[in-house]
1. Subtract the Cα-Cα distance of Lys379 and Arg29 from 0.36 nm times their separation in residues, and report this length gain in nm to one decimal.
2. For Cys484, Cys76, give me the order by solvent-accessible area with a 1.4 Å probe, most accessible first, ignoring ligands, DNA and RNA.
3. To the nearest 0.05, how large is the calculated FRET efficiency for Glu606 and Arg665 if R₀ is 35 Å and r is the Cβ-Cβ distance?
4. Using 0.36 nm per residue, how much length does the chain from Ala88 to Glu139 gain when fully extended, once their Cα-Cα distance is taken away?
5. At a threshold of 8 angstrom on Cα-Cα distance, excluding pairs fewer than six apart, so keeping six or more, what relative contact order does segment 631-674 reach in percent?
6. Are any of the pairs Lys247/Lys357; Lys536/Lys640; Lys200/Lys346; Lys374/Lys472; Lys200/Lys237 more than 26 Å apart by Cα-Cα distance, and if so, which?
7. Points 7 angstrom from Cα along the Cβ direction at Gln442 and Asp372: gap in nanometres?
8. Based on the Cβ-Cβ distance of Ser52 and Glu97, what FRET efficiency does E = 1/(1 + (r/R0)^6) give at R0 = 60 Å, to the nearest 0.05?
Amino acid sequence: MSSFVTEVLASSGKLEKEDLVSKISKMSRKVEDTKEEVCDMINKRYNEFLPSLQASEDLMLQVDEVSKEMDALKACIETEVQENIHVAVTEFAKLKEQLERNTVIIKMLEHLKEFHSAMEKFNKALVEKKYVDAANNLEKARSSMDSLKSWKTSELPLLTVLGSELTVQRENLIYHLGDEWKRLVIWKLPPMKDQMSIQKVELTLTDVGSKDGEPKPPVLLRCILQALAIQGELQHKVKLFSQVLLKYMLKPLVKHASLSVRVSEQQGEGTTLALQCLEASHKEKSAPSQVFSKLHLVLKTLHTHLAVRSKRFEFEKALKEMDFLQGDSTDLLKYARNVNCHFASKKCKDVIVAARKLMTSKMHNTVKITPDSKLHLPKLPAPSSGVKLKQAASKEDAVMENSKQLSAWSLHLPACRISESVQQLMELAVSTLCEAVGSSSQSALQLFFTVRNIFQLFYDVVPTYHKENLLKFPHLAAIQHNNCMYLAHHLLTLGHYFRAHLPQPLNEGVATFVDMVPGFRKLGAQCFLTQLNVQKAELLERLSTAHNFCNLDDEDNYIAASKAVRQDISSEDGEHLHTLCQTITEEGPLVFIPVVEESKNRKYQEEVPLYVKKWSTFKELVIVLRANLQEIVDRWADAKGPLAVEFSSSEVKSLIRALFQNTERRAAALSKIK
């Protein structure tokens, strides 16, 4: 306020004092009025604020109380409630685990109940000869046991007992089924010593033993077969039955035209199928229709007892009707249409098996081949006229083009020895080509290319199968060389000899083996060259101490060269060397006598290897001089034996070559010194 007055006074210096006082008075009154108004307003607001303050203080008190209650509640939760929750969770987990365990136990008990119920029904059905029901219940019991095994508790001892019981009861069922089968299906066969008496063969499907309440034999037989099928034993039973049926009844009916089948039915005895001889028949072979009638009668009779119906007479349709073939099967018809191809396929398979057996046989069994030796080729029928014309034209061209004839020995194989198995292999090829002559085009093609496969198989198999022996034994490598040249020699003309007599397209130039000749020649040459390189390496190794045959006028050089060339310690020399060396090994240690007392010197005499570094080598040499090949190989022991410690592989090989003659056994021993 004073500042305000001062400013006024300053701004109005010329005003009079009274005016200033008047104005100041007025302003003072205004200030007072304003002050009163402010005070009134403050009082009013205070009066309004006071209840709110009181309410806020009350609220603060309530908040404090709530906060205390919350703290108490929190403490309660942290102590009692959480502990109770933890206990409840633990209890819940236990109850859940117990529930799961109880569920498993209930499931297991259900399966055990099913197993027990199925076994009870099985036993009841078995007693009543309801074999299909018995087999089904046994399978239900097996299913229940499999379900039990799938649980984690499958290691219960109870399961072992159940498994044993199931096995016993299954075998019991199989035994009963087999017993019933033997009772209802009776074979009467000729004795083993009288296998030719096929007229004594009888098959009886009996109805003996049918009682009231039991199923009749035809129905019982079907039940037996169905029960065997459920148990997985039908295949075995039918296979045994069909083998006997095929051997003693079906095959004789097909082979012998004089045989027929007689079907007789007698009340109380059953149905009997018996072979009988028709004396009036002198035919060697039966007509297809007769064979069909015989087989159809046998199968129809069996079908009556083992199946349901049979109406039509065509063979394949009849077999389908009797359920011997499936309804949509055409295998029998296809087989009949392609019977030649089936024969050729079987023949080809047999030929390949025989060829492989020859290729893997021993090669050292040999036969001598001379220039006069010829391949035994059969006399073939004359070719057709068209082929004759082609051959005549080709001969005419040949005569016109070749005015000079070659020597009679030009295409002859030199004298040599070949493996007997290779000669037999060529004979097998010739006999197979002979079968191709006169066959259908498809069969001839199969047989011809089978022969080509034989030679291709030889090319691939023999060098691999006999690889080790071909490297070990020089004479086998020479035999393999001769084998390849022998095959190549005959392959040149083999196709030409048979071509004109084979069906199309083989007689038009396809039937040839000439393309295989270079491969066989190369195969033989490579084998021989590999062995030559091996022998060359051995010779160079032997001559490595000859000093290149230089300065032979020097006595020492001559002796070294002579030894390198000969390298042959005779058995007498070896025995003398062994005697001398043995004397050294026995008497040499006696020179160690540092002590006067003889008994104390033995210690020093046993320590000879410490002072003579080559003593162990010398003793090993003494052993080798008297040892046989197998003993040397044993002492080498794959470079791990005592001989390998003292000598290198080249030194041991040199000793073997010096002590033993060049034989297969020596070559085998040398191959093991590596």
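The values are calculated or read from the model by the stated rules, or taken from the named source; none is laboratory data. It should be emphasised that the depicted structure is a prediction, and the values quoted were computed from it without experimental measurement. As a convention, Cβ positions derive from the backbone with ideal geometry for all residues, glycine included, and neighbour counts pool all protein chains shown. These area figures cover heavy atoms from the full protein model, side chains too; ligands, DNA and RNA do not enter into them. Shrake-Rupley method; radii C 1.70, N 1.55, O 1.52, S 1.80 Å.
1. Details: separation 350, 0.36 × 350 = 126.00 nm, distance 16.58 nm.
Length difference between fully extended and current span is 109.4 nm.
2. In descending accessible area the options line up as Cys76, Cys484.
3. Values: r = 37 Å, r/R0 = 1.07.
Efficiency for this residue pair is about 0.40.
4. Values: separation 51, 0.36 × 51 = 18.36 nm, distance 4.64 nm.
Full extension from Ala88 to Glu139 adds 13.7 nm.
5. Details: 30 pairs, mean separation 18.8, N = 44.
That works out to 43 percent.
6. Values: Lys247/Lys357 30 Å; Lys536/Lys640 28 Å; Lys200/Lys346 33 Å; Lys374/Lys472 32 Å; Lys200/Lys237 23 Å.
Going by Cα-Cα distance, Lys247/Lys357; Lys536/Lys640; Lys200/Lys346; Lys374/Lys472 fall outside the 26 Å limit.
7. 4.8 nm
8. Values: r = 62 Å, r/R0 = 1.03.
The value I calculate is 0.45.
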